[in-house]
Amino acid sequence: MEWIRFLLAAVLLCLGVAIVCVATYGVFKFKYALNRMHAAAMCDTFALMLCLLGVAVFHGLSFTTLKLLLIIVFLWFASPVASHLIARLEVTTNPEGLKKECEVDE
């Protein structure tokens, strides 16, 4: 039973790290700020959830697991709201950049 819990925790942590790597590539690859922000927001919500779940599985049922689950809930509420506000600020302050990115090159 100990090995199953360890393997599940390792798989969750590896998936979380893989998603962080993909999101980091996206942040540097995309040209427009909103696209980069979307890649970073996916990293915040999904990758952090996987990593924290991996640590929670590794610790088993304890008070630490409860705290980690509460952190996941807080991040799932706070991160999308913060990302939305930053995206709204970008659209409000840089309308020309949005028009330029929406144009189709022929």
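Tabulated data
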| item | result |
| --- | --- |
| For Rg and Dmax of the Cα atoms in Å, calculated from these coordinates, the label among (i) 24.7, 83; (ii) 14.5, 44; (iii) 17.8, 59 | (iii) |
| Table column - 3J(HN,Hα) (Hz), region 70-83, Karplus curve with 6.51, -1.76, 1.60, x for Gly and Pro | 5, 5, 4, 4, 4, 5, 5, 8, 7, 5, x, 5, 5, 5 |
| Tensor-based shape of region 32-77 (alpha-carbon gyration tensor, a/c under 1.5 rounded, otherwise prolate or oblate) | prolate |
| Between helix 33-42 and the chain: long-axis angle, C-alpha atoms, 0 to 90°, nearest 10 | 10 degrees |
| Shape of region 1-59, Cα gyration tensor, a/c cut at 1.5 | prolate |
| Relative contact order (%) - the chain, alpha-carbon pairs under 8 angstrom, separation at least six | 29 percent |
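Where a number appears in this text, it was derived from the coordinates with a stated rule and is not lab data. Just so it is clear, the model here is predicted, and its values are computed rather than measured.
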